[in-house]
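What follows is a set of notes on a single structure, which appears directly below.
The values are calculated or read from the model by the stated rules, or taken from the named source; none is laboratory data. Being a predicted model, the structure only gives us computed values, none of them experimental. Here the Cβ positions follow ideal geometry from the backbone for every residue, glycine too, while neighbour counts run over all protein chains shown. Ligands, DNA and RNA are excluded from the accessible area calculation, which covers all protein heavy atoms including side chains. Shrake-Rupley method; radii C 1.70, N 1.55, O 1.52, S 1.80 Å.
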Amino acid sequence: MTTPAFAALDALELPYRVVRHGPVRSLAEAAAARGVPVPDVVKTIVVRRGEDDYVFVLTPGDRVVSWPKLRALLGVNRLSMPDAETARAVTGYERGTITPFGATTGWPVVADERMRGRLVTLGAGAHGVAVAVDADAALLSLEATVADVTDPDPALPDS
């Protein structure tokens with residue numbers, strides 16, 4: 001299976017490894033299926049900051065978006081998350097498969113600073129498919145703004 005994400009990664013000449021796995025029901029299952037620790041399963045969150053204005057926020061698997069930190073970084077008073085249909089319309093990807101690579105619109109990317117220096121996995125545009133990439137190289141290729149924009153996920157043990 002090929003997705004626009006693979007074409008984008010190839011065009012950027014960003015080395016990656018494809019990781020295929022079956023359905024997963026949790027972040028822990030995704031990490032196990034991908035053979036990585038939970039923090040290295042990077043979630044791509046679509047955030048609306050205004051009318052037809054979105055950003056991708058990349059968060060380590062063991063963390064959640066800190067809305068106050070993200071609002072301060074973006075200089076806005078209000079942010080929201082689009083519903084699944086809108087997220088698909090503005091990215092070209094279904095929830096659970098979203099990645100900034102190959103999205104229909106090249107929205108800005110904000111990445112949590114804890115991704116630096118790691119080998120991470122991201123969605124690749126299809127269910128059960130991820131790519132493993134060097135986070136620093138990926139962030140550079142995405143021209144990401146890297147900052148402290150997350151908090152520990154209170155739903156996870158040891159968070």
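Worth a mention:
- Ordering Ala103, Leu12, Gly123 by the projection of their Cα atoms onto the charge dipole of the stretch 6-159, which places +1 on the Cβ of Lys and Arg and -1 on the Cβ of Asp and Glu, puts Gly123 at the extreme positive end.
- Sites listed here are trypsin sites (Lys or Arg not before Pro) in the stretch 1-77 whose DSSP assignment is loop and whose Cβ has at most 16 other Cβ atoms within 10 Å: Arg25.
- Across the stretch 76-153, the mean sequence separation of Cα contacts (distance under 8 Å, 6 or more residues apart), normalised by length, yields a relative contact order of 27 percent.
- For the residues Asp40, Asp134, Asp53, a 1.4 Å probe over the protein chains yields an accessible-area ranking, largest first, of Asp134, Asp53, Asp40.
- Shape of the stretch 2-74, Cα gyration tensor, a/c cut at 1.5: oblate
- The stretch 1-76: GluC sites (Glu not before Pro) in DSSP loop, at most 15 other beta carbons within 10 Å: Glu13, Glu51
- In order along the stretch 46-62, phi translates into HN-Hα couplings of 8, 10, 8, 10, x, 4, 6, 9, 10, 9, 8, 10, 9, 10, x, x, 9 Hz, rounded to whole numbers, per the Karplus curve 6.51 cos²θ - 1.76 cosθ + 1.60 with θ = phi - 60° and x for Gly and Pro.
- Build a GNM of the chain with springs between Cα atoms under 10 Å apart, and of Thr97, Thr145, Thr59 the one that fluctuates most is Thr145.
- Converting phi to 3J(HN,Hα) with the Karplus coefficients 6.51, -1.76 and 1.60 and the offset θ = phi - 60°, the stretch 136-151 yields 4, 5, 5, 5, 5, 5, 8, 6, 6, 7, 10, 7, 7, 10, 10, 10 Hz in sequence order, with x at every glycine or proline.
- Each Cα pair under 8 Å and six or more residues apart adds its sequence gap; the mean of these over the residue count of the stretch 1-74 is a relative contact order of 18 percent.
- MRE, 222 nm, helices only [DSSP H, n ≥ 4, -39500 (n - 2.57), over the chain, to nearest 500]: -6500 deg cm²/dmol
- Inter-label distance for Ala137 and Ala32, nm, one decimal - labels placed 7 Å from Cα along Cα-to-Cβ: 3.0
- Under a model in which nothing but the beta-carbon of Lys, Arg (+1) and Asp, Glu (-1) is charged, the chain shows a dipole of about 220 debye around its Cα centre.
- About its Cα centre, the stretch 1-53 has a charge dipole of approximately 320 debye under the convention of +1 per Lys or Arg Cβ and -1 per Asp or Glu Cβ, with nothing else charged.
- The slack in the chain from Ala11 to Thr145, taken as 0.36 nm per residue of separation less the alpha-carbon distance, amounts to 46.1 nm.
- Across all directions, the average projected area of the convex hull around the alpha carbons of the chain is 8.7 nm².
- Looking at the chain, the accessible area is 50 square angstrom per residue; that uses a 1.4 Å probe and ignores ligands, DNA and RNA.
- Dipole moment magnitude, nearest 20 debye, the stretch 73-159 about Cα centre, only Lys, Arg, Asp, Glu C-beta charged: 200
- Contact order for the stretch 1-145, expressed relative to its length and based on alpha carbon pairs under 8 Å spaced 6+ residues apart, stands at 31 percent.
- Residues with amide H under 5 Å from that of Val19, placed H, sequence gap 5 or more: Ala130, Val131, Ala132
- Structure remark: mean-square fluctuation, Gaussian network model of the chain, C-alpha springs under 10 Å; the largest value among Gly106, Gly50, Gly128 belongs to Gly50.
- For the stretch 102-108, 3J(HN,Hα) per residue [Karplus equation, 6.51 cos²θ - 1.76 cosθ + 1.60, θ = phi - 60°, Hz, x = Gly/Pro]: x, 5, 5, 10, x, 4, x
- Note that the stretch 85-143 carries a Kirkwood radius of 12.0 Å, evaluated over its alpha carbons pair by pair.
- Between the stretch 1-74 and the stretch 96-126, the alpha-carbon centres lie 4 Å apart.
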